[in-house]
Amino acid sequence: MKVTIPFLVAQRLVLRTFSRAEAPALQQLAGQREIADTMISLPYPYPNGEAERMIEQFTDDFRAGRATPFAIVLREANQLIGATTLRDIDREHAQAELSLWITPSCWRQGYGTEAAGTMVRFGFEQLRLNRIYACHLTRNPASGRVLEKAGFQREGLLRQRVRKWGVFEDVALLSVLRQEWTARRGGIKTAAGAGSGDK
Ligand SMILES: CC(C)(COP(=O)(O)OP(=O)(O)OC[C@H]1O[C@@H](n2cnc3c(N)ncnc32)[C@H](O)[C@@H]1OP(=O)(O)O)[C@@H](O)C(=O)NCCC(=O)NCCS
């Protein structure tokens, strides 16, 4: 079945579907220890064949309405720098979980903030969600800051929610509600737009 997978255009980024040809690049980026270190679930070492499997899965998830996985790509250089998704899409309660990572060589340049803001906009405007939530290890302030800048508020602390590298760690839970995002929008310069690409 033909399904339309959107692409989202932000100021310096495009969020679009992964192509099968990007499997080696995805494996190389997602396989970095610095990324796995603070992701709640990302295999490390990243197994051979996992990127191909994930790219297939991404398309299936999009088609089934389970998740909206996007490659994060620098617009001008057309360079893959990360990935993001709204996953566990729950139609009954109009909510989903945001997840993202950026390759370390591109950290602290505002790309995480730009990608998160673009996904939040997509979630509220196009998926018609009411609540978007996200989790991060409490020792990962960068993620907390990205989410805060995208309008998320802290809901609570999940004590020893995950076992990372054999150690139980606390996780912060944050969310942003449609009504908050709508109220904030007037004051935010929104650079993101949306187009579509057939898959
Ligand atoms: C979290 C992550 C996406 C942030 O991406 P990024 O592109 O570096 O984020 P930005 O450049 O938009 O920075 C956003 C804010 O975080 C701050 N920040 C970035 N790295 C930080 C760090 N190590 N410690 C504290 N603050 C940090 C920035 O200063 C910025 O805040 P400011 O605008 O007030 O100065 C990136 O670090 C990453 O992919 N980490 C590995 C995977 C991961 O942890 N993903 C999140 C899982 S929930």
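Please find, among A116, A67, the residue that is more than 9 Å from the chain's Cα centre (by Cα), aliphatic (A, V, I, L, M), outside any strand (DSSP E or B) and at negative phi.
Numbers: A116 fails: more than 9 Å from the chain's Cα centre (by Cα).
That would be A67, the only listed residue that is more than 9 Å from the chain's Cα centre (by Cα), aliphatic (A, V, I, L, M), outside any strand (DSSP E or B) and at negative phi.
Just one of (1) within 11 Å of the ligand (Cβ to nearest atom); (2) surrounded by fewer than 15 Cβ atoms within 10 Å (Cβ to Cβ) trips up Q126, so point out which.
Here Q126 meets the rest and fails (1).
In the stretch 75-87, what residues are in contact with a helix residue (DSSP H, G or I) (Cβ under 6 Å, 6 or more places away or on another chain) and within 11 Å of the ligand (Cβ to nearest atom)?
We begin by selecting, within the stretch 75-87, every residue in contact with a helix residue (DSSP H, G or I) (Cβ under 6 Å, 6 or more places away or on another chain); these are 80-81, 84, 86.
I81, T84, listed by residue number.
Return the residue satisfying two criteria in turn: it lies in the stretch 100-115 and is touching a strand residue (DSSP E or B) at 6+ places or on another chain (Cβ under 6 Å) and free of Cβ contacts under 8 Å to residues at least 60 places away in the same chain, and of such residues it is farthest from T38 (Cα to Cα).
Looking only at the stretch 100-115, we keep the residues that are touching a strand residue (DSSP E or B) at 6+ places or on another chain (Cβ under 6 Å), and these are 100-103, 106, 111-112, 114-115.
Then keep just the ones that are free of Cβ contacts under 8 Å to residues at least 60 places away in the same chain; that gives 100, 102, 106, 112.
Values: L100: 11, I102: 12, C106: 16, G112: 14 Å.
By that ranking, first place goes to C106.
Can you tell me which residue among I35, I72 is within 12 Å of the ligand (Cβ to nearest atom), in contact with a strand residue (DSSP E or B) (Cβ under 7 Å, 6 or more places away or on another chain) and over 28 Å from G166 (Cα atoms)?
Values: I35 fails: over 28 Å from G166 (Cα atoms).
Criteria check complete, one pass: I72.
Could you grab me the full set of residues in the stretch 20-65 that are closer than 15 Å to T85 by Cα, polar (S, T, N, Q) and modelled with pLDDT of 95 or more?
Of everything in the stretch 20-65, just one residue is closer than 15 Å to T85 by Cα, polar (S, T, N, Q) and modelled with pLDDT of 95 or more, namely Q57.
Which residue, of V176, V146, V120, V162, is within 16 Å of the ligand (Cβ to nearest atom), touching a residue at least 24 places away in the same chain (Cβ under 8 Å) and out of contact with any Gly (no Cβ under 9 Å at 6 or more places or on another chain)?
Working: V176 fails: out of contact with any Gly (no Cβ under 9 Å at 6 or more places or on another chain); V146 fails: out of contact with any Gly (no Cβ under 9 Å at 6 or more places or on another chain); V120 fails: out of contact with any Gly (no Cβ under 9 Å at 6 or more places or on another chain).
One residue alone meets the criteria, V162.
Within the stretch 18-50, count every residue that is touching a Phe, Trp or Tyr at 6+ places or on another chain (Cβ under 7 Å) and not hydrophobic (A, V, I, L, M, F, W, C). Reasoning before the result, please.
Kept after step one, since they are touching a Phe, Trp or Tyr at 6+ places or on another chain (Cβ under 7 Å), are these residues of the stretch 18-50: 18, 26-27, 30-31, 33, 35-36, 39.
Now restrict to residues that are not hydrophobic (A, V, I, L, M, F, W, C): 27, 31, 33.
Residues meeting the conditions: 3.
Give the residue that is surrounded by the fewest Cβ atoms within 10 Å (Cβ to Cβ), with candidates limited to residues of the stretch 72-95 that are more than 19 Å from E114 (Cβ to Cβ) and not basic (K, R).
Quick first cut of the stretch 72-95, residues more than 19 Å from E114 (Cβ to Cβ) only: 87-95.
Narrowing further to those that are not basic (K, R): 88-90, 92-95.
Details: D88: 12, I89: 19, D90: 13, E92: 5, H93: 9, A94: 16, Q95: 20.
Once the filter is applied, the top-ranked residue is E92.
The values are calculated or read from the model by the stated rules, or taken from the named source; none is laboratory data. Bear in mind that the values here come from a model prediction, so they are computed numbers and not experimental data. As a convention, Cβ positions derive from the backbone with ideal geometry for all residues, glycine included, and neighbour counts pool all protein chains shown.
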